[in-house]
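Working notes for the structure below.
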Amino acid sequence: MSISNADLKAALEILRNAQFVYGLSRYPKKQVLDDPIDVKTLRGRLEAMRAAAKGLSAAQREKLDVPWADLEAIDSGTEAVWKAAKRATPKIIAELTPLVRDEPEAAFLIAPTKRGRTSEVEPREKLKERPKDKPKTQVGLTGTEIAGLELAIQRRIAAEEAYFTWLRGNHSLPPAEWAKRRAHAERARRAEDLYVEKLFKSRSARTP
């Protein structure tokens, strides 16, 4: 499928951000929306997708079966953010991925999977089963694992920033508050280490 360089660049940028949005949207809605950091991060990625989508030509946008209005509505509140993540993002990934399939980066893109009746992305074609083919071993991180890792990193960064603010000169904090921030930073670093360790163990268990 022919695509202009400008459309290709825009599509790749949309997909880069959509990967994170899709991974985070697979967590329970309440868990995500009850966490201000998660909501802020999710909104930021959706805003980046919306901005990149403006780089697509009008002709290309019309060819795509995507609810662009969901992206435009994310400023109206957290429910709109969640709607864009759950409804628009999987469709965006499904529609744009074929346009960039010849790019090296396409090999690392997450493909939305059908999850029973709740799936929002239907496959365009049903592939015939090949009984002789052995299932491929997944070697990359899943969307949920990517989202979890990014969240652990972001929380560690936020905790360290709060702690290092005092060290960089904000000595107005009382010792008790400083100790609290230091402990929070240490817990966040430990949580990130534990998550990475968990991922390594999971990868090792799946490797034949």
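Worth a mention:
- Test: Ser76 is surrounded by 13 or more Cβ atoms within 10 Å (Cβ to Cβ), assigned by TED's automatic domain parsing to the domain that holds Asp34 and among the polar types (S, T, N, Q): no
- Test: residue in region 24-46 that is more than 30 Å from Ala188 (Cβ to Cβ) and either small (Gly, Ala, Ser) or touching a Ser or Thr at 6+ places or on another chain (Cβ under 6 Å) (or both): no
- Considering region 59-88, the residues that are assigned to a helix (DSSP H, G or I) and over 19 Å from the mean Cα position of the chain (by Cα) include one that is nearest to Ala6 (Cα to Cα), namely Gln60.
Every residue, every condition in (1) modelled with pLDDT of 80 or more; (2) over 30 Å from Gln19 (Cα atoms); (3) in the same structural domain as Asp38 (by TED's automatic domain parsing), yes or no:
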{"site": "Gln154", "(1), (2), (3)": "no, no, no"}
{"site": "Glu160", "(1), (2), (3)": "no, no, no"}
{"site": "Leu173", "(1), (2), (3)": "no, yes, no"}
{"site": "His184", "(1), (2), (3)": "yes, no, no"}
{"site": "Arg187", "(1), (2), (3)": "yes, no, no"}
{"site": "Val196", "(1), (2), (3)": "no, no, no"}
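- As a summary of the residue check, Ile37 satisfies the conditions (1) more than 25 Å from Ile157 (Cα to Cα); (2) exposed (fewer than 15 other Cβ atoms within 10 Å of the Cβ) except for the one numbered (1).
- Subset of region 71-89 (residues that are of a type outside the set (Val, Ile, Thr) and in contact with a Ser or Thr (Cβ under 8 Å, 6 or more places away or on another chain)): Trp82, Ala85, Lys86
The values are calculated or read from the model by the stated rules, or taken from the named source; none is laboratory data. Please read all numbers here as calculations on a predicted model, not as lab measurements. Glycine gets a Cβ as well: all are built from the backbone with ideal geometry, and neighbour counts include every protein chain shown.
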